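Asker: This is the structure I want to talk about, given as structure tokens.
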């Protein structure tokens, strides 16, 4: 039952993200849904990866997630976890991130350009993966 609810929420989220512009601005989705969509994207078996990332737990208690005193996600460290698949573009909806580390995994495809939405990002480490293509042009927005 919980898996079906998670799948239903993911489908709603994907629909919203496909229609992501409102008045020319990117839609802001809650950090909770951004994290769950990251989990779904990283594995063919999302229940086995990051098992405490679920609907019954506060996202600030998720493994590899750190929050500030306002319960905003400020760090996501997915390094050395043998994660496989794509890095979800929804990582770009974690707007308060200061640290995004996903090094030494098996992420493939392109690096998501939506990461450029994270204006306060100080550390981005995507090394030792199997990304292809160039860094997105939008990364020039990052300071």
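The values are calculated or read from the model by the stated rules, or taken from the named source; none is laboratory data. Remember, predicted model here, so these are calculated numbers, not experimental data. When we count neighbours, we look across all protein chains shown, and the Cβ atoms used for this are built from the backbone with ideal geometry, even at glycine.
Asker: Determine, yes or no, whether residue 113 is in contact with a helix residue (DSSP H, G or I) (Cβ under 7 Å, 6 or more places away or on another chain), surrounded by fewer than 20 Cβ atoms within 10 Å (Cβ to Cβ) and in contact (Cβ under 8 Å) with a residue 24 or more places away in the chain.
Answerer: Taking the combined requirement at face value, the residue satisfies it.
Asker: Taking segment 80-100 as the region of interest, how many residues are under 12 Å from the mean Cα position of the chain (by Cα) and buried (at least 18 other Cβ atoms within 10 Å of the Cβ)?
Answerer: 10
Asker: Report those strands (runs of 3 or more DSSP E) wholly inside segment 26-143 carrying at least 2 residues which are at pLDDT 95 or above and in contact with a strand residue (DSSP E or B) (Cβ under 8 Å, 6 or more places away or on another chain).
Answerer: Those strands (runs of 3 or more DSSP E) span 65-67, 73-77, 99-101, 123-125.
Asker: Does residue 71 satisfy the condition of being surrounded by fewer than 18 Cβ atoms within 10 Å (Cβ to Cβ), more than 16 Å from residue 124 (Cβ to Cβ) and touching a helix residue (DSSP H, G or I) at 6+ places or on another chain (Cβ under 6 Å)?
Answerer: Spelling it out, residue 71 is indeed surrounded by fewer than 18 Cβ atoms within 10 Å (Cβ to Cβ), more than 16 Å from residue 124 (Cβ to Cβ) and touching a helix residue (DSSP H, G or I) at 6+ places or on another chain (Cβ under 6 Å).
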